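Nothing in this text is a laboratory measurement; each read-out follows from the coordinates by a stated rule. For clarity, every value in this text was computed on a predicted model and none was experimentally measured. Here the Cβ is made from the backbone with ideal geometry for all residues, glycine too, and neighbour counts use every protein chain on show.
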Amino acid sequence: MKGQLTVKNLTRHYRLRQRGNLFARTKTLKAVDGLTFDVAPGEMLGIVGESGSGKSTTARLLLGHISATSGEVVFGGEKVGAVPDLAWRRMRRRMQMIYQDPLGALDPRITIGEQIGEPLIVHFPDITRDARRAKVRAVMGNVGLSSHHGDRFPHELSGGQRQRVIIARALVMEPELLVCDEPVSALDVSVQAQVLNVFQDVRARNGFTGVFISHDLKVVRQIADRVAVMYLGRIVEIGRPDEVFHQPLHPYSRALVSAVPRKGRSARERIILAGDPPNPVNVPPGCPFHTRCPQVKPVCRIERPELMSEGGRAVACHLVNNPSTARVAVADGEAA
Amino acid sequence: MLQFVSTRFLRALVTLFIIVTFAFIVLRLAGDPAERFFDPATPQEVVDAFRHEWGLDQPIWVQFYRYIIAVLHGDLGNSMRENRPAMETVLARLPATLWIMVPTLFLKTIIGVAAGMTAALYRNSTFDRLIMSASVFGFTVPAFVLALVLALIFAVQLRWLPSGGYATPYHMILPIATLSIAGAATVARYTRSSMVEVLGRPFVRTAAAKGVRSKQVVTRHVLPNAAIPIVTVFGFMLGNVVGGAVVVESVFSWPGIGRLLVSSVQSRDLAVVQVILLLIGVMMVFSNLFIDLLYGLIDPRMRGGKTQAA
Amino acid sequence: MAIEQDGLSTDGSVFTEKSGLRAFLQTWPPMVILAIVWLGLMVFIAIFAPLLTPYDFMAVDVLARLKPPVFFGGTFNHVLGTDQLGRDVLSRAIASIRVSITIALCATLISTIVGVTLGFIAAYFRGWVDQVVLTIVDAQLAMPFMIIAIAVLAFLGNSLPIFVMLLGLYGWEQVTRIARGLAISANTQGYAAAAREIGASPGRIYLRHILPNISATIVIAMTLNIPGVILLESSLSFLGIGLQPPQTSLGNMVGYGRDYIQSAPWIMLMPSAVIVVTTLSVSIMGDWLRDRIDPTVK
Amino acid sequence: MTGSTDLMDIRGLTVEFEGRYRFTRALHGIDITLKRGEALGIVGESGCGKSITWMAVLGLLGRNARVGGSARLEGREILGADDARLSEIRGGRIAMIFQDPSSSLNPLHKIGWQLGEALRLHQGLTGAAARREAERLIDRVGIANARQRLGEYPHEFSGGMNQRVMIAMALAGNPDLLVADEPTTALDATIQAQILDLLDDLRRERNMALVLISHDLGMVAEMTERVVVMYCGRIVEDSPTADLFDNPAHPYTRGLIDAIPSIDGPRQRLLAIPGSVPPPDRLPSGCTFLSRCAVAGPECQRAVPTMIDAGTGGRHRAACVKLGDLLPPANAHLPAPVEIAAELV
């Protein structure tokens, strides 16, 4: 069973207060600012971006972990809410999440087997003990854990094994949607490869719809069918990994791709962006990237570019979408 | 910085309000004081006059309002024993208490910080173990036991010092010694754990890696950072001294506030007890406020007013 | 053992073993063993006190007043001597230990329950509930508990239940802070967040997941709270505003013995020593437990 | 001294850490020779002893570490040197920067004060001269508005900015060697590129040797001339960078290279090394990589393998007894070890 994930104009703003101050004006942090995308049934969407780009907030919004300021998330025809009512619990059964820190996400005092079986206890209290055990054993086999691991505690396992436990716990509910937030970032390279392989195997077997968030472009390329690049709470480019990573159109994607180290290339060929990303509290007007863009044009400072799609690929950049306007604007700028 | 100060000030006021409310609630929970302190044979007019004087014939919120107003005016009723305003009775005893509290605060801070620092720098050495054992001993021994043992040794056996009273500077030595030993133990413990924590932080490694000598790493980098938690527990340590003073003053017959408190409790002189409670509350709140501001002065991160996710 | 430097070793891990005695002493420092033995003895006395006392602790014997202990000129009739009313000091000490230990344990239990409950409430609701709890914690920290206790006893009088309830409020704020902090951190990035994500109810999250996980830390906080309660109880009783006669406690004994500091110091020294050794033992054991068990301090 | 002499010579470096019951050896005899101006990469997964090596050389490990062997700086032994001599070397001859720059700076002191301290220690500069030099350095590492920024505190800087300050501080003593311990791990990709670019520029412009400690093979490949691969407290391969990627000799190195997904080329299943790095108190006997190695045989259990030539010219060496069997089919992938086999602990 699979479902389509549709995200429309999703926004999440946080109100900020000066630290330790009762009278200060509040400011607005736009963590996620108008996301629109769909993930087709059975598709895996990768989301890449730097810290502060809003990737993790997006993950929590998708699952109704936090409520959206505006916009909506629809999965398999049902709206995902953030109020823990009956509908929310029903949705929980269909959507699961995988975390970055596998040790923190596991209860240190409960055996692996029980933790994997816990979603079953919570959602299907009527299921018999034996049926539950059988199910847990089967899922553990699927992620490459042997059954004797079931009696162990999280600290007795290695990092890679813990991440497999998290995956198994998510899979035991046979979810239709799996959201993964930096699932391999804390792992060493050799273990990261093992876990990525597990992902591909379970996906081939269960065929869920997925969202895979990572700051590592190489990992996303390995796993995703489509990739979205986020910057300051917005998607700046979306498309197939091969297209986005081989011919990035947005200047930010281009810099990001060029920052990936690879052998047989000199360090000199990197595109070096100036400065830090702006604070999401003060998102600049116009194109959010214009403060660091090497190809900035006057229009970029004024007008926010829309995400325009063309054949499954979309870019939010004046230079790409409407080069003539950009040029005209340049001319205007020079004239003025 | 102004916002930082104003926030702290507001918080101190809230705490003060809670303490005053607490005093009021305890007072009322005690039931009708009139019935408790007059035996049934007392003429009704006397009881009524007492009720009226304390405003006990009014609804509870009026009583609370009047109470607050009275507190703000420093008018807290009369001491039943001495038949003068309780405030006067208490203030008369304040200097004696300050005479032992202030030297104690200095002594215990100096001794405690020095011992704790040395222990942290020579961690796991014999010296460290010695200091830490002494410090555990210092704060698990009750003040009254320590006071009595000191009195037994220096006053009863050796006859070097007076065992009680308030006449010469010699009389101060035993009370101060008792409070300082217990206090220094606590300070030493906090200092050590705070130093040990800071010694493990990455910037200490950075300082060493850029060629700062070990001694200077400690004085220039570790100490200022370790001071922050030490300063924050200073209020708590002040509280310890106040609590300890009650016991020590009783043992050494020192005519301070602590002894007054105990004798007032025994003779049910509630007005005096209440004044002492509020006085100590005010003192603690303001010293905590002062410490908070000091904290802001040491740590630039506190005053910057940097925005942070709510 | 092969030589490592020449690279021909077949060893895997290379260890230099400490000597057996050194390793044992580092795991079980002698002080800790002594502390545990002493505490065991105290608990034993507290449980079996009536069977252990040679005399009724209230029995007055005017003929045997102020008898010194054995080895200081006394007899084996009264091993630790007698007090000003001729009561047997050993019997009184045993009865006092029972009272003091029981009060300390009950009070600590109360403060732990209050503390954990408030901490969880603050962590669950956050927002203004959290702020209120934190403000009360701050106010509690701002006042020396000794003063609060004396004031309350002055106004409310001191029956045993009030006294125990009052001591039960000692240290709750520490437990609240710990419970709240741990629950919030488990909620924001840890296993509790994962449990909620699965769809578990708050009751399940707090009782099945968070409570077992923070229990070690809470137990240690409790252990470190006990000496404070004993000190408070004995100080108040010493001042004569705590436990009242005919009830007896260790502090009480010291308080009455202090008048005889010159003529009969044993009346005061015996209970003092018990208090000191007991609080010391609890502290030593608490520190040791914290170093060994509590993962949050590593 | 001429440019061709060795700058650093580390021989048989061992480190043991004190545990509850015993000392456990974390470094089992490290040999590294470093030339002036050379860029050396040190790679390996976490727990392989990469950072410990250099912390031990600079005497930055705590009291619970026992260091053995020798480390010579231009022929002079620096292990066990006294505080005075060590503080001259640290920052003056060998500077070190760390990961997580924001907590590596003292939060209570201004940036200018911290930079000034390094200038005073190694160049004897104080007052206005120190201030001018500090401004110059801050400007050099790419922080605009130097004068104003010197008066700010680390918490007012971003992680990338703080790492630039760390680099400026490292440059204050004009060191001959800069050890960068995972300098970009805590930073975002675009900031990472900035910092690496800066380090590369500075190295060339000052002819300073650079040791780049990283778990990221790709980054090391771009930045260095020579790479040392470490596994479980030992060096398992030492090779010129280009050669290492074309002809990885040790099965561990091959495994590392194959485990990284590529950003270009056809997408294929990753060849993962099974299992994980054993902790230092649970190493297998013989070759420590034995339990995870796809080509291990009985001979691997016999002894810890020594470093032998793995290529031409004696510059590429590896510690594997199967080297002879492995070498011929260079560039060919090893057979896929195990699918998702159950891991046995």
Can you give me the angle between helix D:127-140 and the longest principal axis of chain D, using Cα atoms only, in degrees from 0 to 90, rounded to the nearest 10? 40
If each part is reduced to its alpha-carbon centroid, the stretch B:57-90 and the stretch D:165-226 end up apart, in Å, by 71
On a 0 to 90 degree scale, rounded to 10, what angle separates helix A:112-123 from the longest Cα axis of chain A? 80
Relative contact order in percent for chain C (Cα pairs under 8 Å, 6+ apart) equals 20
Per residue of D:98-111, other chain Cβ atoms within 10 Å number on average 5
Distance between Cα centroids, the stretch B:158-236 to the stretch D:26-87: provide it in whole Å. 36
Looking at the stretch B:73-174, which trypsin sites (Lys or Arg not before Pro) are DSSP coil and have at most 12 other C-beta atoms within 10 Å of their C-beta? B:159
How far is the Cα center of the stretch C:40-66 from the Cα center of the stretch A:89-110, in Å? 58
Residue-averaged [θ]222 nm for the protein assembly as shown, counting only DSSP H segments that reach four residues, each worth -39500 (n - 2.57): -16000 deg cm²/dmol
Determine the dipole magnitude for chain C: charges of +1 sit on the beta-carbon of Lys and Arg, -1 on that of Asp and Glu, nothing else is charged, the reference point is the Cα centre, and the result goes in debye to the nearest 20. 480
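DSSP H helices in chain C with Cα extent of 27 Å or more along the helix axis and mean Kyte-Doolittle hydropathy at least -1.0?
C:30-52, C:89-125, C:211-239, C:266-293
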Taking chain D as the reference, fit the longest principal axis to its C-alpha atoms, fit the long axis of helix D:189-206 to the helix C-alpha atoms, and give the angle between the two in degrees, 0 to 90, nearest 10. 70
Filtered chymotrypsin sites (Phe, Trp or Tyr not before Pro), the stretch B:112-192: DSSP coil and at most 15 other beta carbons within 10 Å: B:122, B:160
Evaluate peptide D:42-49: per residue, the Cβ atoms of other protein chains within 10 Å of its Cβ; return the mean as an integer. 2
Entries in A:79/A:135; B:210/D:50; A:30/A:297; A:55/A:218; A:55/A:297; A:218/D:50 that, when Cα-Cα distance is taken, lie over 22 Å: A:79/A:135; A:30/A:297; A:55/A:297; A:218/D:50
Name the residue from B:238, B:106, B:206 whose Cα lies farthest towards the positive end of the charge dipole of chain B, charges +1 on Cβ of Lys and Arg and -1 on Cβ of Asp and Glu. B:206
Hey, if you put +1 on the Cβ of every Lys and Arg and -1 on every Asp and Glu Cβ in the protein assembly as shown, which of B:23, B:193, A:300 ends up farthest toward the positive end of that dipole? A:300
Ignoring the sites themselves, what is the longest stretch of chain D with no trypsin sites (Lys or Arg not before Pro) in a DSSP loop and at most 15 other beta-carbon atoms within 10 Å? D:64-266
Summarise the partner chain shielding of C:198-205 as one whole number: the mean count of Cβ atoms from other chains within 10 Å of each residue's Cβ. 5
Nothing charged except the Cβ atoms of Lys and Arg (+1) and of Asp and Glu (-1): what's the magnitude of the dipole of the protein assembly as shown about its Cα centre? Round to the nearest 20 debye. 660
